[in-house]
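Undergrad: Before we start, here is the structure in question, set down as structure tokens.
FYI, it's all coordinate maths here, none of it is from the lab. This structure is a prediction, so every number in the text was calculated from the model and none was measured. Glycine also receives a Cβ, built like all others from the backbone with ideal geometry; neighbour counts cover every protein chain displayed.
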């Protein structure tokens, strides 16, 4: 009787984070060497907003395993509370939720000056009509293919970081010129 080959062990999460975020470093001497992991401030930060606990947990697991720093809220009101203490690179929200829905969350984000620059990805099973004036950055209808979802999240986060760096350069240049 032939022995079965054991299944391959999954890639350690720290190695996956390092590979996915492009922060892998040569010469890693010790698996527990945390210096070789990406710094938290190098990771893109997301705020997931959904009233379905299973959907929230699944997306949190997927996005965390892709190297994102993920915070969660169960409705728009919880999201606003989270945004008082943490500004993410991207907000991903469902549209239909109790307490405060995605439409109201988007409206409030647009009305708050310190939150207006945060992009919003609406990810919902409810199709949003063309006649609506969008108060969000992108819309993906559930179910959405995982590669499309991940590439959209990555693109929006990269655009947000680039815009943030550009704003910081403008402020720094204004101060250097004595303008601020």
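Undergrad: Take the Cβ-Cβ distance between residue 141 and residue 165 as r, set R0 to 35 Å, and report the resulting FRET efficiency rounded to the nearest 0.05. Walk me through the numbers on the way to the answer.
TA: On the way: r = 31 Å, r/R0 = 0.90.
Efficiency, rounded to the nearest 0.05: 0.65.
Undergrad: In whole Å, largest first, what are the principal axis extents of the Cα atoms in segment 42-175?
TA: So the extents along the principal axes, rounded to whole Å, are 46, 32, 29.
Undergrad: Pulled fully out, how much extra length does the chain show between residue 172 and residue 55, if you take 0.36 nm times their separation in residues and subtract their Cα-Cα distance?
TA: On the way: separation 117, 0.36 × 117 = 42.12 nm, distance 4.14 nm.
Answer, rounded to one decimal: 38.0 nm.
Undergrad: Just to verify a number: FRET efficiency for residue 86 and residue 126, C-beta to C-beta distance, R0 = 41 Å, to 0.05? Working shown, then result.
TA: Numbers: r = 27 Å, r/R0 = 0.66.
That pair, residue 86 with residue 126, gives E of 0.90.
Undergrad: Treat each spin label as a single point 7 Å out from the Cα along the C-beta direction, and report the residue 62 to residue 117 distance in nm.
TA: The modelled label-to-label distance comes out at 3.0 nm.
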